1. Report the full-extension gain for the segment Thr222 to Thr318: residue separation times 0.36 nm, less the Cα-Cα distance, to one decimal in nm.
2. Got a sec? Charge dipole of the chain, +1 on Cβ for Lys and Arg, -1 for Asp and Glu; which of Pro65, Thr18, Ile284 is way out at the positive end?
3. Within the set of other residues whose C-beta is less than 15 Å from the C-beta of Pro188, count the net charge using Lys and Arg as +1 and Asp and Glu as -1.
4. Which trypsin sites (Lys or Arg not before Pro) in region 256-331 pass both tests, a DSSP loop state and at most 13 other beta-carbon atoms within 10 Å?
5. Setting aside same-chain residues fewer than 8 positions from Lys160, which lysines have a Cα under 23 Å from its Cα?
6. Would you list, by chain and number, the aspartates and glutamates whose Cα falls below 17 Å from the Cα of Lys329, excluding same-chain residues fewer than 8 positions away?
7. What does the charge add up to near Ala328, with Lys and Arg as +1, Asp and Glu as -1, over the other residues with Cβ less than 15 Å from its Cβ?
8. Between Thr47 and Asp139, what is the FRET efficiency for a Förster distance of 35 Å, r being their Cβ-Cβ separation, to the nearest 0.05?
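The values are calculated or read from the model by the stated rules, or taken from the named source; none is laboratory data. Please read all numbers here as calculations on a predicted model, not as lab measurements. Note that we place each Cβ from the backbone using ideal geometry, even for glycine, and neighbour counts take in every protein chain shown. For the accessible areas, the whole protein counts, side chains as well, though only heavy atoms, and no ligand, DNA or RNA atoms are used. Shrake-Rupley method; radii C 1.70, N 1.55, O 1.52, S 1.80 Å.
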Amino acid sequence: MRAVVLVGGFGTRLRPLTLSAPKQMLPVNGVTMLERVIMNLARGGVTEAVLALGYLPEVFQEAFPSGEIAGVTMHYAVEPEPLDTGGAIGFAARAAGFTDETFIAINGDVINDLDIAELVAKHRAFGGEGTIHLTPVDDPSRFGVVPIDEEGRVEAFIEKPPAGQAPSNWINAGTYVLEPSVLDRIPPGEKVSLERAVFPAMVDDGQLYAVQEAGYWVDAGTPQSYLQVALDLINGVQANEPAVAADSVVDDEAVVENSIIGSGAIIDRGAVVRDSMIQRGARIGADAVVIASIVGPNALVGNGARLSDLTVVGDSITVGANTEYSGAKIPETD
Ligand code: GDD
Ligand code: MG
(Lines give C-alpha, C1' and ligand atoms only; values in the text may rest on other atoms or scores of the structure.)
(Ligands and ions follow the chains in the order given, each with its own letter.)
Protein backbone atom coordinates (compact mmCIF):
# COMPACT_ATOMS: atom_id res chain seq x y z
CA MET A 1 0.00 0.00 0.00
CA ARG A 2 1.10 3.57 -0.75
CA ALA A 3 0.45 6.76 1.21
CA VAL A 4 0.47 10.53 0.69
CA VAL A 5 1.45 12.30 3.91
CA LEU A 6 0.42 15.97 4.19
CA VAL A 7 3.18 17.94 5.89
CA GLY A 8 3.21 21.26 4.04
CA GLY A 9 1.23 23.52 6.38
CA PHE A 10 2.79 26.52 8.12
CA GLY A 11 2.07 25.22 11.64
CA THR A 12 0.80 28.67 12.57
CA ARG A 13 -0.79 27.60 15.84
CA LEU A 14 2.52 26.16 17.07
CA ARG A 15 4.60 29.29 16.49
CA PRO A 16 7.26 30.18 17.52
CA LEU A 17 8.35 26.50 17.58
CA THR A 18 7.42 26.18 13.90
CA LEU A 19 9.47 29.17 12.78
CA SER A 20 12.57 26.95 12.61
CA ALA A 21 11.04 23.49 12.18
CA PRO A 22 7.88 22.38 10.39
CA LYS A 23 5.22 21.05 12.76
CA GLN A 24 5.69 17.39 11.82
CA MET A 25 9.44 17.63 12.56
CA LEU A 26 8.78 18.64 16.17
CA PRO A 27 9.76 15.95 18.66
CA VAL A 28 7.24 13.98 20.67
CA ASN A 29 9.47 12.49 23.35
CA GLY A 30 12.54 12.22 21.17
CA VAL A 31 10.78 10.92 18.06
CA THR A 32 9.38 13.36 15.49
CA MET A 33 5.65 13.53 14.87
CA LEU A 34 6.32 12.46 11.27
CA GLU A 35 8.19 9.30 12.29
CA ARG A 36 5.33 8.35 14.61
CA VAL A 37 2.87 8.75 11.72
CA ILE A 38 5.07 6.73 9.34
CA MET A 39 5.57 3.97 11.94
CA ASN A 40 1.81 3.50 12.19
CA LEU A 41 1.47 3.51 8.40
CA ALA A 42 4.15 0.81 8.21
CA ARG A 43 2.28 -1.25 10.79
CA GLY A 44 -0.81 -1.00 8.58
CA GLY A 45 0.97 -2.34 5.50
CA VAL A 46 2.27 0.84 3.85
CA THR A 47 5.61 0.28 2.12
CA GLU A 48 5.96 3.48 0.07
CA ALA A 49 5.01 7.07 0.93
CA VAL A 50 5.31 10.55 -0.51
CA LEU A 51 5.64 13.64 1.67
CA ALA A 52 3.52 16.51 0.35
CA LEU A 53 5.95 19.30 1.23
CA GLY A 54 5.53 23.05 1.13
CA TYR A 55 6.86 24.90 4.17
CA LEU A 56 10.59 24.35 5.02
CA PRO A 57 10.90 21.23 2.81
CA GLU A 58 14.68 21.02 3.24
CA VAL A 59 14.29 20.29 6.96
CA PHE A 60 12.59 16.99 6.08
CA GLN A 61 15.02 16.08 3.33
CA GLU A 62 18.06 16.80 5.51
CA ALA A 63 16.65 14.79 8.42
CA PHE A 64 15.95 11.71 6.30
CA PRO A 65 18.56 11.73 3.53
CA SER A 66 18.39 7.96 3.05
CA GLY A 67 14.85 8.29 1.73
CA GLU A 68 13.61 5.70 4.20
CA ILE A 69 11.70 6.01 7.48
CA ALA A 70 10.72 2.95 9.57
CA GLY A 71 11.30 0.72 6.56
CA VAL A 72 8.97 2.79 4.35
CA THR A 73 10.49 4.08 1.09
CA MET A 74 10.01 7.86 1.02
CA HIS A 75 9.46 10.22 -1.90
CA TYR A 76 9.49 14.00 -1.61
CA ALA A 77 7.17 16.31 -3.58
CA VAL A 78 7.71 20.04 -3.03
CA GLU A 79 4.82 22.30 -4.08
CA PRO A 80 5.77 25.44 -5.97
CA GLU A 81 3.14 27.25 -3.84
CA PRO A 82 0.74 26.02 -1.12
CA LEU A 83 -2.01 24.09 -2.94
CA ASP A 84 -4.17 23.42 0.15
CA THR A 85 -4.95 19.89 1.30
CA GLY A 86 -6.67 18.61 -1.87
CA GLY A 87 -4.26 20.28 -4.28
CA ALA A 88 -1.35 18.92 -2.25
CA ILE A 89 -2.63 15.34 -2.41
CA GLY A 90 -3.08 15.68 -6.18
CA PHE A 91 0.37 17.18 -6.67
CA ALA A 92 2.20 14.65 -4.49
CA ALA A 93 0.32 11.57 -5.74
CA ARG A 94 1.06 12.53 -9.36
CA ALA A 95 4.71 13.38 -8.59
CA ALA A 96 5.25 9.96 -6.97
CA GLY A 97 3.25 8.08 -9.60
CA PHE A 98 0.59 6.96 -7.10
CA THR A 99 -2.15 7.23 -9.70
CA ASP A 100 -3.09 3.64 -10.51
CA GLU A 101 -4.13 1.98 -7.27
CA THR A 102 -5.93 2.57 -3.97
CA PHE A 103 -3.85 4.76 -1.65
CA ILE A 104 -3.86 6.26 1.83
CA ALA A 105 -3.80 10.02 2.45
CA ILE A 106 -3.08 11.27 5.95
CA ASN A 107 -2.67 14.52 7.88
CA GLY A 108 0.90 14.47 9.18
CA ASP A 109 0.05 16.00 12.57
CA VAL A 110 -2.28 13.27 13.80
CA ILE A 111 -0.99 10.83 16.42
CA ASN A 112 -3.14 7.71 16.78
CA ASP A 113 -3.10 3.94 16.88
CA LEU A 114 -5.58 3.33 14.07
CA ASP A 115 -5.42 -0.07 12.36
CA ILE A 116 -4.96 1.16 8.80
CA ALA A 117 -5.17 -2.30 7.23
CA GLU A 118 -8.64 -2.65 8.78
CA LEU A 119 -9.69 0.75 7.38
CA VAL A 120 -8.57 -0.40 3.92
CA ALA A 121 -10.59 -3.63 4.27
CA LYS A 122 -13.71 -1.64 5.23
CA HIS A 123 -13.14 0.73 2.32
CA ARG A 124 -13.08 -2.21 -0.09
CA ALA A 125 -16.31 -3.56 1.41
CA PHE A 126 -18.06 -0.15 1.06
CA GLY A 127 -16.95 0.11 -2.57
CA GLY A 128 -16.94 3.93 -2.69
CA GLU A 129 -14.27 6.32 -3.94
CA GLY A 130 -13.18 7.25 -0.45
CA THR A 131 -13.39 6.19 3.21
CA ILE A 132 -12.59 8.46 6.15
CA HIS A 133 -11.63 7.55 9.71
CA LEU A 134 -13.83 9.38 12.26
CA THR A 135 -13.08 10.00 15.93
CA PRO A 136 -15.32 11.49 18.67
CA VAL A 137 -14.36 14.84 20.27
CA ASP A 138 -15.97 17.13 22.85
CA ASP A 139 -15.69 20.28 20.74
CA PRO A 140 -16.05 19.58 17.01
CA SER A 141 -15.82 23.25 15.98
CA ARG A 142 -12.10 23.13 15.07
CA PHE A 143 -12.49 19.99 12.92
CA GLY A 144 -14.39 18.58 9.93
CA VAL A 145 -17.71 17.22 11.18
CA VAL A 146 -18.99 14.10 9.44
CA PRO A 147 -22.50 12.65 10.03
CA ILE A 148 -23.08 9.20 8.46
CA ASP A 149 -26.09 6.92 7.87
CA GLU A 150 -26.49 3.30 9.12
CA GLU A 151 -24.57 1.97 6.12
CA GLY A 152 -21.57 4.19 6.79
CA ARG A 153 -22.29 6.55 3.92
CA VAL A 154 -21.31 10.16 4.64
CA GLU A 155 -24.35 12.50 4.72
CA ALA A 156 -22.45 15.78 4.90
CA PHE A 157 -18.92 17.09 5.36
CA ILE A 158 -18.91 20.32 7.35
CA GLU A 159 -15.44 21.81 7.87
CA LYS A 160 -15.09 23.81 11.10
CA PRO A 161 -18.75 24.58 11.86
CA PRO A 162 -19.54 27.48 14.24
CA ALA A 163 -19.44 26.42 17.92
CA GLY A 164 -22.65 24.71 18.99
CA GLN A 165 -23.86 24.07 15.42
CA ALA A 166 -22.20 20.72 14.64
CA PRO A 167 -24.67 17.92 13.73
CA SER A 168 -22.38 15.26 15.24
CA ASN A 169 -19.43 14.88 17.62
CA TRP A 170 -17.71 12.48 15.22
CA ILE A 171 -15.08 14.34 13.28
CA ASN A 172 -12.72 13.72 10.39
CA ALA A 173 -9.68 12.16 12.06
CA GLY A 174 -7.41 12.86 9.07
CA THR A 175 -6.75 9.35 7.66
CA TYR A 176 -8.34 8.49 4.31
CA VAL A 177 -8.41 5.56 1.91
CA LEU A 178 -8.87 6.91 -1.61
CA GLU A 179 -9.33 5.49 -5.08
CA PRO A 180 -7.18 7.04 -7.81
CA SER A 181 -10.41 8.41 -9.39
CA VAL A 182 -10.45 11.01 -6.57
CA LEU A 183 -7.46 12.60 -8.34
CA ASP A 184 -9.76 13.39 -11.29
CA ARG A 185 -11.61 15.71 -8.91
CA ILE A 186 -8.42 17.71 -8.27
CA PRO A 187 -7.28 19.77 -11.30
CA PRO A 188 -3.44 19.77 -11.50
CA GLY A 189 -1.73 22.89 -10.20
CA GLU A 190 -4.84 24.38 -8.62
CA LYS A 191 -5.41 25.29 -4.99
CA VAL A 192 -8.12 22.87 -3.80
CA SER A 193 -9.41 22.17 -0.31
CA LEU A 194 -10.06 18.48 0.28
CA GLU A 195 -12.42 19.27 3.15
CA ARG A 196 -14.34 22.19 1.62
CA ALA A 197 -14.51 21.11 -2.05
CA VAL A 198 -13.48 17.51 -2.83
CA PHE A 199 -15.23 15.72 0.05
CA PRO A 200 -18.52 17.69 -0.28
CA ALA A 201 -18.58 16.82 -4.02
CA MET A 202 -18.01 13.13 -3.20
CA VAL A 203 -20.87 13.31 -0.67
CA ASP A 204 -23.15 14.70 -3.39
CA ASP A 205 -22.22 11.74 -5.60
CA GLY A 206 -22.75 9.20 -2.78
CA GLN A 207 -19.09 8.15 -3.06
CA LEU A 208 -17.80 8.95 0.44
CA TYR A 209 -17.95 6.53 3.41
CA ALA A 210 -16.63 6.72 6.94
CA VAL A 211 -15.70 4.46 9.84
CA GLN A 212 -16.19 5.46 13.48
CA GLU A 213 -13.25 4.25 15.55
CA ALA A 214 -12.68 5.71 19.01
CA GLY A 215 -9.11 4.65 19.83
CA TYR A 216 -6.34 6.99 21.02
CA TRP A 217 -6.28 10.08 18.79
CA VAL A 218 -4.77 13.57 19.02
CA ASP A 219 -4.26 16.27 16.40
CA ALA A 220 -1.00 17.66 17.79
CA GLY A 221 -1.36 20.99 15.98
CA THR A 222 -1.84 23.33 18.97
CA PRO A 223 0.38 23.97 22.02
CA GLN A 224 -2.24 22.34 24.21
CA SER A 225 -2.63 19.17 22.10
CA TYR A 226 1.11 18.92 21.31
CA LEU A 227 1.96 19.00 25.00
CA GLN A 228 -0.89 16.60 25.74
CA VAL A 229 0.29 13.95 23.29
CA ALA A 230 3.80 14.03 24.77
CA LEU A 231 2.54 13.78 28.37
CA ASP A 232 0.04 11.05 27.43
CA LEU A 233 2.95 9.00 26.12
CA ILE A 234 5.00 9.20 29.31
CA ASN A 235 1.95 8.59 31.46
CA GLY A 236 1.12 5.46 29.53
CA VAL A 237 4.57 4.20 30.43
CA GLN A 238 4.97 5.29 34.03
CA ALA A 239 2.32 7.39 35.76
CA ASN A 240 3.55 10.79 36.91
CA GLU A 241 7.20 10.03 36.37
CA PRO A 242 9.14 12.59 34.36
CA ALA A 243 10.77 11.37 31.17
CA VAL A 244 14.32 12.66 31.42
CA ALA A 245 16.82 12.06 28.65
CA ALA A 246 19.92 10.22 29.89
CA ASP A 247 22.26 13.08 29.04
CA SER A 248 20.21 15.89 30.60
CA VAL A 249 21.24 17.37 33.94
CA VAL A 250 18.65 17.93 36.67
CA ASP A 251 20.04 19.53 39.83
CA ASP A 252 19.35 17.60 43.05
CA GLU A 253 17.52 20.63 44.36
CA ALA A 254 15.29 21.07 41.31
CA VAL A 255 11.77 19.64 41.09
CA VAL A 256 10.65 17.92 37.87
CA GLU A 257 7.16 16.42 37.76
CA ASN A 258 5.16 14.93 34.87
CA SER A 259 7.44 16.51 32.30
CA ILE A 260 9.68 15.67 29.36
CA ILE A 261 13.29 16.84 29.60
CA GLY A 262 15.09 16.62 26.26
CA SER A 263 18.59 15.55 25.46
CA GLY A 264 21.30 17.85 26.83
CA ALA A 265 18.84 20.07 28.73
CA ILE A 266 19.85 21.51 32.11
CA ILE A 267 17.53 22.20 35.04
CA ASP A 268 19.29 24.35 37.62
CA ARG A 269 19.06 24.44 41.40
CA GLY A 270 15.69 25.41 42.86
CA ALA A 271 13.91 25.33 39.49
CA VAL A 272 10.44 23.76 39.28
CA VAL A 273 9.23 22.10 36.06
CA ARG A 274 5.74 20.64 36.09
CA ASP A 275 3.47 19.28 33.28
CA SER A 276 5.85 20.71 30.71
CA MET A 277 8.15 19.90 27.80
CA ILE A 278 11.74 21.16 27.90
CA GLN A 279 13.33 20.46 24.54
CA ARG A 280 16.90 19.44 23.74
CA GLY A 281 19.69 21.73 24.90
CA ALA A 282 17.39 24.14 26.75
CA ARG A 283 18.33 25.47 30.18
CA ILE A 284 15.97 26.34 33.02
CA GLY A 285 17.79 28.74 35.34
CA ALA A 286 17.96 28.64 39.12
CA ASP A 287 14.63 29.10 40.89
CA ALA A 288 12.73 29.48 37.60
CA VAL A 289 9.24 27.94 37.48
CA VAL A 290 7.80 26.32 34.33
CA ILE A 291 4.22 25.03 34.55
CA ALA A 292 2.22 23.51 31.65
CA SER A 293 4.50 25.15 29.08
CA ILE A 294 6.87 24.28 26.24
CA VAL A 295 10.47 25.49 26.10
CA GLY A 296 11.98 25.12 22.64
CA PRO A 297 15.42 23.72 21.75
CA ASN A 298 18.48 25.56 23.14
CA ALA A 299 16.30 28.23 24.78
CA LEU A 300 17.38 29.77 28.08
CA VAL A 301 14.87 30.56 30.80
CA GLY A 302 16.56 33.05 33.12
CA ASN A 303 16.91 32.62 36.86
CA GLY A 304 13.66 33.17 38.73
CA ALA A 305 11.50 33.52 35.60
CA ARG A 306 7.94 32.11 35.77
CA LEU A 307 6.22 30.54 32.75
CA SER A 308 2.72 29.07 32.91
CA ASP A 309 -0.52 28.26 31.04
CA LEU A 310 0.84 27.01 27.71
CA THR A 311 3.57 29.57 27.31
CA VAL A 312 5.71 28.56 24.31
CA VAL A 313 9.37 29.65 24.07
CA GLY A 314 10.97 29.50 20.61
CA ASP A 315 14.21 27.92 19.40
CA SER A 316 17.33 29.49 21.04
CA ILE A 317 15.32 32.31 22.70
CA THR A 318 16.41 33.82 26.02
CA VAL A 319 13.71 34.61 28.58
CA GLY A 320 14.84 37.34 30.98
CA ALA A 321 15.57 36.59 34.63
CA ASN A 322 12.63 37.14 36.98
CA THR A 323 10.17 37.85 34.15
CA GLU A 324 6.68 36.36 34.28
CA TYR A 325 4.58 35.01 31.38
CA SER A 326 1.22 33.25 31.19
CA GLY A 327 -0.18 31.82 27.94
CA ALA A 328 2.48 33.74 26.01
CA LYS A 329 4.40 33.09 22.83
CA ILE A 330 8.03 34.19 23.22
CA PRO A 331 8.84 35.94 20.98
CA GLU A 332 5.35 37.12 20.15
CA THR A 333 4.23 36.03 16.67
CA ASP A 334 1.17 37.06 14.68
N1 GDD B 1 1.53 20.12 1.27
C2 GDD B 1 0.62 20.85 1.90
N3 GDD B 1 0.16 21.97 1.29
N4 GDD B 1 0.19 20.45 3.11
C5 GDD B 1 -0.74 21.21 3.74
C6 GDD B 1 -1.26 22.39 3.17
C7 GDD B 1 -0.77 22.79 1.86
O8 GDD B 1 -1.16 23.82 1.26
N9 GDD B 1 -2.16 22.93 4.05
C10 GDD B 1 -2.19 22.09 5.12
N11 GDD B 1 -1.32 21.06 4.94
C12 GDD B 1 -1.07 19.92 5.85
C13 GDD B 1 -0.69 20.30 7.28
O14 GDD B 1 0.70 20.37 7.43
C15 GDD B 1 -1.29 19.15 8.08
O16 GDD B 1 -0.41 18.04 8.20
C17 GDD B 1 -2.50 18.72 7.26
O18 GDD B 1 -2.30 19.24 5.95
C19 GDD B 1 -3.83 19.25 7.82
O20 GDD B 1 -3.72 20.66 7.98
P21 GDD B 1 -4.02 21.34 9.40
O22 GDD B 1 -3.71 22.79 9.25
O23 GDD B 1 -3.40 20.60 10.50
O24 GDD B 1 -5.60 21.20 9.42
P25 GDD B 1 -6.57 21.17 10.69
O26 GDD B 1 -5.97 20.41 11.80
O27 GDD B 1 -7.03 22.55 10.96
O28 GDD B 1 -7.84 20.36 10.08
C29 GDD B 1 -7.65 19.14 9.38
O30 GDD B 1 -7.41 18.07 10.27
C31 GDD B 1 -8.48 17.75 11.18
C32 GDD B 1 -8.09 16.51 11.97
O33 GDD B 1 -6.89 16.70 12.60
C34 GDD B 1 -8.91 18.86 8.54
O35 GDD B 1 -8.66 17.75 7.73
C36 GDD B 1 -10.12 18.59 9.44
O37 GDD B 1 -11.25 18.20 8.66
C38 GDD B 1 -9.80 17.47 10.42
O39 GDD B 1 -10.89 17.27 11.34
MG1 MG C 1 -4.11 19.63 12.23
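1. Numbers: separation 96, 0.36 × 96 = 34.56 nm, distance 2.22 nm.
Residue separation times 0.36 nm, minus the Cα-Cα distance, leaves 32.3 nm.
2. Toward the positive end, the furthest listed residue is Ile284.
3. On the way: positive: Arg94, Arg185, Lys191; negative: Glu79, Glu81, Asp84, Asp184, Glu190.
With Lys, Arg at +1 and Asp, Glu at -1, the neighbours total -2.
4. Details: sites: Arg269, Arg274, Arg280, Arg283, Arg306, Lys329; in loops: Arg269, Arg280.
Within region 256-331, the qualifying trypsin sites (Lys or Arg not before Pro) (loop, at most 13 other Cβ atoms within 10 Å) are Arg269.
5. Lys23, Lys191
6. Asp309, Asp315
7. Working: positive: Arg13, Arg15, Arg306, Lys329; negative: Asp309, Glu324, Glu332, Asp334.
Local net charge: 0.
8. On the way: r = 37 Å, r/R0 = 1.04.
Efficiency, rounded to the nearest 0.05: 0.45.
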